Amino acid sequence: MPPQAATAQAPVIEDVPPERTHNFNDLLHAAGALLLAIGMSFFAVYLRGITNGVEYDARSAGRAVNWLTDMPASMLQQLASLIIVIGVLVHLLVNREWLQSAVSVVALFLGYAVILTLSTVVVRLGVPALLMAIRSPGEGAGAAMLPDFYAGLGAFLTVAGPRRSRTSVKWGWNVLFVAAAVFVVISWHSVSGVIVSFAVGRVIGLVIRFAIGTRNQGLWGEQIVQAARGIGLKIAELRRHDASKGDSGVLRMALEDDLTENSRIYDATDADGRSYIVSVLDGQSHAAGYLNQLWQGLRFTGVSMRHDRSASDANHHHYAMLLGLRACGLPTPSPYGVFDSEESSVLVFNATDVPEPFGTATLDEEGMVAFMRYLQRANDRGYTHRRITADTLTRIGGKCAIVGWQNGDYASSATNAAIDKVQLLVLLGALAGTDKALAAARRAWGDEALVTLTPFVQKVAIPSATRTLPSWNKQLLGQVRDGLNALVDDEEGESSEPVQIARFNFKSFFSITLAIIAAAVIFTQLRPNEVIGAVSHAKIGWALACLACSLIAWGGSAISLGAFMDRDRRHPFSLYCSQAASGFTAVSMPAGVGPAFVNLQFLRKSGYRNTTATAIMSVTWAVQGLVTVVLLLLMALFTGRNMLSDMVPTNTLIIVIGAVVLALCVCMAITPLRRLVIDKYLPILRSYAHQLVEVMSQPSKLAGGIVGSMILALSTGLGFWTALMAFGRPSNLIETVFVFLLANTLGSAMPTPGGLGAVEAALTFAFTSTGVPPAIALSATLLYRVGFYWLRIPIGAVAMKWLDHHHLL
């Protein structure tokens with residue numbers, strides 16, 4: 001609006017006409033409508049009985065309006081369409097909403113076209129269940145199978161809305177809902193078809209509405225002046241800041257109003273000549289900030305985040321934060337007051353304490369210490385910032401100050417305070433160098449406080465604005481973490497595991513992947529009829545003995561691992577659970593890989609450094625393998641069988657050794673590869689070999705490992721012997737264990753989850769070749785796999801959950 005003449009009564013106002021605003025809530029609601037359409041289609045296909053019941057109940061309850069069935073349904077539909085379209089368009093045209101009127105009509109036509117296209121696609125797909133689920137009797141079974149009535153008018157009303165600001169749109173929706181209920185009652189449309197059509201119309205309308213924007217209904221110009229009198233502010237002059245000078249993007253911020261997201265900023269002067277900064281936050285503009293808060297809350301776990309649903313909530317909280325920080329004696333932008341309208345919230349600042357950019361090019365150690373002490377003082381009083389970036393580093397009255405507290409909070413946890421410190425430390429490291437930042441942090445926070453930050457140095461904790469700085473590099477977090485670990489001894493530093501603050505990380509992805517693979521394996525590979533048939537014909541006593549051998553085998557494996565652990569870190573129940581947890585990993589990893597992975601993670605969580613944990617895991621695996629080989633050789637002597645050479649192809653061992661040596665020679669002959677091996681991998685191998693020799697050089701531990709490995713191997717072999725006995729097939733114990741160990745070892749070498757398929761085939765073939773009837777060999781194999789594979793999956797899942805709850809995995 002043009003400048004107005006300054007008089008005693010009329011203030012000078014320079015503002016721009018209200019612009020259309022892209023409301024990000026529209027995109028969120030569009031996504032919800034799309035999920036509703038997909039979900040309803042799935043529900044109608046696979047839960048058809050429920051949708052049929054809902055339609056039957058609706059028609060039974062609507063018998064009072066049976067007289068409507070005597071009227072042509074098409075006439076009722078056209079009448080409702082005319083009432084809605086004419087009523088809304090007249091309202092828009094009277095208010096000179098030319099663009100809104102035109103786009104609403106376009107949305108109407110687009111809704112008709114999209115639902116017709118969707119109906120055609122469904123018909124062409126020809127899925128009988130889907131066709132029966134969404135077909136509307138009144139629309140026939142052709143390309144117009146879905147009712148276009150709701151899609152067209154739904155898109156039209158959505159674009160013409162929102163309903164809270166226009167009574168004609170509100171009544172249009174009411175008429176449409178009543179019409180939908182009537183058409184379902186008289187069996188003209190199906191429930192699923194109505195909901196899918198409604199959802200499609202909403203998606204179309206919301207996307208169009210977001211694209212063209214909606215008129216801003218907040219406070220502007222004279223309205224701001226009038227509302228400001230409610231907090232004792234008589235504005236004589238109000239001038240809008242040039243919005244084009246601010247940041248571009250979804251979240252626009254400026255220092256003048258403490259980096260309030262997507263606000264409109266005005267310079268104001270009262271009748272006494274005092275200057276103010278007026279920050280107007282509109283509800284529609286705040287939607288982007290609210291969605292960002294929701295996303296941050298979704299990304300983090302165990303870390304509290306602000307969720308300000310409205311502009312009023314955001315500004316009131318911001319105002320309280322600034323007053324609290326000033327009460328702590330910290331320099332901040334000076335808040336004057338806050339007032340609200342239905343669509344906007346206004347935060348007024350005194351223009352005396354306006355932040356100025358710090359100028360990171362001049363950042364020295366004294367400046368870094370000042371920022372760190374500022375944050376420490378705020379954290380000590382329970383205030384946390386939660387999004388410290390380069391833009392938040394400013395000067396107020398010549399003093400270093402951190403601004404942008406809109407998304408912060410008070411009464412914060414120690415986790416939030418630690419993340420604040422990590423954000424500032426990493427930011428300063430990116431701006432001035434890691435060594436300088438760590439030196440300043442030692443002065444400001446002390447070594448004891450810095451050590452506690454190590455578990456929180458994670459990429460997810462660092463704002464994206466910091467990670468997009470020109471000086472950022474991928475090694476920065478590692479350098480900060482190494483600098484913090486250098487403050488303590490190597491053992492304590494390396495065992496400091498990251499705290500889980502990211503909801504979506506490798507651990508959660510790994511757990512979900514394991515669960516999905518487990519479900520897929522169970523439902524695709526488990527043959528219930530065969531397994532049930534085999535188990536049902538087994539003698540219950542011997543079947544239980546097979547399961548007992550499976551549990552004893554876990555005990556032997558736990559003894560083997562625990563023998564190489566220090567006494568003070570050896571806890572029998574947790575050790576047993578760690579071996580049980582490997583049963584769950586067997587559904588997604590080859591045999592041997594899952595237990596090795598679980599053992600390594602368990603040792604690290606028990607406080608061992610990476611090299612020591614790897615050495616213990618490796619020596620455990622080596623002892624178990626060596627004991628199995630020795631038992632095979634000894635049993636081969638006692639049984640007199642030559643199965644070892646029969647089942648292993650000739651010269652296999654020589655070929656494998658030759659291939660390994662050849663690959664090593666090629667690597668050493670190529671200069672770049674030789675340097676890589678010598679410079680990077682050889683030191684790691686030497687350290688690992690040193691740890692391995694140190695572990696194996698202790699006879700008592702080695703003896704314990706051998707005993708545990710023997711229990712593991714023999715109980716596993718006894719498990720198959722009891723499975724044979726369960727089907728009335730007596731056999732020589734030593735011979736059975738020998739054949740089993742040989743066949744099971746060869747079958748487990750196949751790179752399938754838990755040796756699935758290969759173990760069954762190897763065991764069945766091996767025992768059939770020794771004279772066991774094929775039917776009994778197969779049944780015994782299935783019973784053995786129930787006890788040693790399938791039942792271990794749920795038990796292992798429970799054990800893994802227990803270990804995770806106690807931070808041991």
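The values are calculated or read from the model by the stated rules, or taken from the named source; none is laboratory data. The shown structure was predicted, so the numbers you read here are calculated from the model rather than taken from an experiment. FYI the Cβ positions are ideal-geometry reconstructions off the backbone, even for glycines, and counts take in every protein chain you see. Surface accessibility is based on the protein's heavy atoms, side chains included, excluding ligands, DNA and RNA. Shrake-Rupley method; radii C 1.70, N 1.55, O 1.52, S 1.80 Å.
Can you say whether Gln423 is polar (S, T, N, Q), part of a helix (DSSP H, G or I) and touching a His at 6+ places or on another chain (Cβ under 9 Å), as far as the supplied structure shows? Against the criterion (polar (S, T, N, Q), part of a helix (DSSP H, G or I) and touching a His at 6+ places or on another chain (Cβ under 9 Å)), Gln423 qualifies. Pairs meeting the criteria (first residue in the stretch 268-281 and open to solvent by less than 40 Å² (accessible area, probe 1.4 Å), second residue among the acidic types (Asp, Glu) and in a loop (DSSP other than H, G, I, E, B), beta carbons under 9 Å, at least 6 apart or on different chains) are Ser279/Asp258; Leu281/Glu261. Here are the criteria: (1) farther than 23 Å from Asp282 by Cβ; (2) open to solvent by 40 Å² or more (accessible area, probe 1.4 Å). Tell me which single one Tyr374 does not satisfy. So Tyr374 meets the others, but not (2). The residues of the stretch 723-732 that are more than 16 Å from Met635 (Cα to Cα) and open to solvent by 10 Å² or more (accessible area, probe 1.4 Å), listed by number, are Met725, Phe727, Gly728, Arg729, Pro730. Restricting the stretch 750-790 to residues that are of a type in the set (A, V, I, L, M), modelled with pLDDT under 75 and under 35 Å from the mean Cα position of the chain (by Cα) leaves a set whose member that is most open to solvent (accessible area, probe 1.4 Å) is Met750.
The residue that is modelled with the lowest pLDDT, among those in the stretch 466-489 that are open to solvent by 30 Å² or more (accessible area, probe 1.4 Å), closer than 22 Å to Trp445 by Cα and not β-branched (Val, Ile, Thr), is Asp489.
Look at the stretch 445-465 and say how many of its residues are hydrophobic (A, V, I, L, M, F, W, C), open to solvent by 20 Å² or more (accessible area, probe 1.4 Å) and assigned to a helix (DSSP H, G or I). The number of residues fulfilling the criteria is 5. Per this entry, Ser304 is not counted among residues that are at pLDDT 90 or above and either in contact with a Lys or Arg (Cβ under 8 Å, 6 or more places away or on another chain) or open to solvent by 40 Å² or more (accessible area, probe 1.4 Å) (or both).
To keep it simple, each residue is scored yes or no on (1) in contact with a strand residue (DSSP E or B) (Cβ under 8 Å, 6 or more places away or on another chain); (2) free of Cβ contacts under 8 Å to residues at least 60 places away in the same chain; (3) assigned to a loop (DSSP other than H, G, I, E, B); (4) within 14 Å of Lys421 (Cβ to Cβ).
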{"site": "Ala361", "(1), (2), (3), (4)": "no, yes, no, no"}
{"site": "Ala370", "(1), (2), (3), (4)": "yes, yes, no, no"}
{"site": "Tyr374", "(1), (2), (3), (4)": "yes, yes, no, yes"}
{"site": "Ala378", "(1), (2), (3), (4)": "yes, yes, no, yes"}
{"site": "Gly382", "(1), (2), (3), (4)": "no, yes, yes, no"}
{"site": "Arg387", "(1), (2), (3), (4)": "no, no, yes, yes"}
{"site": "Thr394", "(1), (2), (3), (4)": "yes, no, no, no"}
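Looking at the stretch 393-416 only, could you name the residues that are modelled with pLDDT of 90 or more and either among the β-branched types (Val, Ile, Thr) or open to solvent by 20 Å² or more (accessible area, probe 1.4 Å) (or both)? If the condition is that a residue be modelled with pLDDT of 90 or more and either among the β-branched types (Val, Ile, Thr) or open to solvent by 20 Å² or more (accessible area, probe 1.4 Å) (or both), then Thr394, Arg395, Ile396, Lys399, Cys400, Ile402, Val403 are the ones that fit. Filtering the stretch 353-390 to residues that are among the charged types (D, E, K, R) and out of contact with any Ser or Thr (no Cβ under 7 Å at 6 or more places or on another chain) leaves Asp364, Glu365, Glu366, Arg373, Arg377, Asp380, Arg381, Arg386, Arg387. The number of residues in the stretch 216-237 that are part of a helix (DSSP H, G or I) and open to solvent by less than 10 Å² (accessible area, probe 1.4 Å) comes to 3. Mind listing just one residue for me: the one in the stretch 379-392 that is touching a helix residue (DSSP H, G or I) at 6+ places or on another chain (Cβ under 6 Å) and open to solvent by less than 10 Å² (accessible area, probe 1.4 Å) and, of those, farthest from Ala320 (Cα to Cα)? Only one residue fits best here, namely Ile388. In the stretch 80-114, the residue that is farthest from the chain's Cα centre (by Cα) out of those that are of a type outside the set (Val, Ile, Thr), exposed (fewer than 15 other Cβ atoms within 10 Å of the Cβ) and modelled with pLDDT of 85 or more is Leu82.
Looking at Ser588, Ser508, just one residue is modelled with pLDDT of 55 or more and surrounded by fewer than 15 Cβ atoms within 10 Å (Cβ to Cβ), and that residue is Ser508.
Only one of the numbered conditions (1) more than 27 Å from Asn25 (Cβ to Cβ); (2) assigned to a loop (DSSP other than H, G, I, E, B) is violated by Val184, and that is (2). Would you mind stating whether Ala439 is in contact (Cβ under 8 Å) with a residue 40 or more places away in the chain and either within 23 Å of the chain's Cα centre (by Cα) or assigned to a helix (DSSP H, G or I) (or both)? Taking the combined requirement at face value, the residue satisfies it.
For Val499, indicate whether it is of a type outside the set (Gly, Ala, Ser), modelled with pLDDT under 85 and either more than 27 Å from Arg386 (Cβ to Cβ) or buried (at least 16 other Cβ atoms within 10 Å of the Cβ) (or both). Considered against the rule, which asks whether it is of a type outside the set (Gly, Ala, Ser), modelled with pLDDT under 85 and either more than 27 Å from Arg386 (Cβ to Cβ) or buried (at least 16 other Cβ atoms within 10 Å of the Cβ) (or both), Val499 comes out as yes.
A quick yes/no check of all residues on (1) modelled with pLDDT of 85 or more; (2) farther than 17 Å from Ala33 by Cβ; (3) in a helix (DSSP H, G or I):
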site	(1), (2), (3)
Gly142	no, yes, no
Ala155	yes, no, yes
Pro162	no, no, no
Val175	yes, yes, yes
Ser197	yes, no, yes
Val200	yes, no, yes
